[in-house]
Amino acid sequence: MSEPATQIDSRFSDPDAVATRWDDTRRVIETAELFWITTVRANGRPHVTPLVAVWLDGSLYFCAGGAEQKTVNLNSNPHVILTTGCNDWDEGLDVVVEGEAVRITDDRLLQRLAAEWAKKWDGRWHYEARDGAFRHQTDGAALVFAVSPKKVLAFGKGTFSHTRHRF
């Protein structure tokens, strides 16, 4: 993945703020335990729900059951926003990832991703990768999606900054 073009938006930043470096933004994405995904229903209404995700090779990956609302929405509109951050006012970094969700069915990549899920959460999320999906003992199949960012926004707090990373 190439480095994004990074720019601070002075309209929404403190006068002394500087752009958040991509490395700092990426570190928040890599270490976040929870994301909120926004998809769009067929009637245009938004749908938001929490999920876990992993960052690998420049993309953010998540999984969902085939009948879940987010999957139903993605079948007709692949545009998504994934957000993460913290609820503190004076510290931290909130991140918004925009892109399109693409279904992943390659078992080799799914095996790598299953290993990343297990590693990131100390084995609490354990999947087997086969037949183009994740398999879990009690939940059946989970479809896996990749989001290669088109734009990532980073909102610094304390010294408030609004940074845009474009790919």
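Throughout, read-outs are computed from the coordinates displayed, never taken from laboratory work. Bear in mind the structure is a predicted one, so any value in this text is a computation, not a measurement. Every residue, glycine among them, receives a Cβ derived from its backbone with ideal geometry; neighbour counts consider all protein chains shown.
The figures follow:
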| quantity | calculated |
| --- | --- |
| Qualifying aspartates and glutamates (Cα of each under 18 Å from Cα of LYS70; at least 8 residues distant if same chain) | GLU98, GLU100, ASP139 |
| Helical mean residue ellipticity (222 nm; -39500 (n - 2.57) per DSSP H run of 4+; nearest 500) of the chain | -5500 deg cm²/dmol |
| Where only C-alpha atoms are counted, convex hull volume of the chain per residue in Å³ | 119 Å³ |
| Efficiency of FRET between VAL18 and SER148 - r from beta-carbon atoms, R0 22 angstrom, step 0.05 | 0.25 |
| Contour excess over end-to-end distance, with Cα ends at ASP122 and ALA42 and 0.36 nm allotted per residue | 25.1 nm |
| Charge sum, other residues only, whose C-beta stays under 9 Å from ALA5's C-beta, Lys/Arg counted +1 and Asp/Glu -1 | +1 |
| Given charges at beta-carbon only (K, R positive; D, E negative), |dipole| of the chain in Debye | 500 debye |
| For the stretch 21-106, average projected area of the Cα convex hull in nm² | 6.4 nm² |
| Computed lengthening from ASP107 to GLU33, 0.36 nm per intervening residue step minus Cα-Cα distance | 24.2 nm |
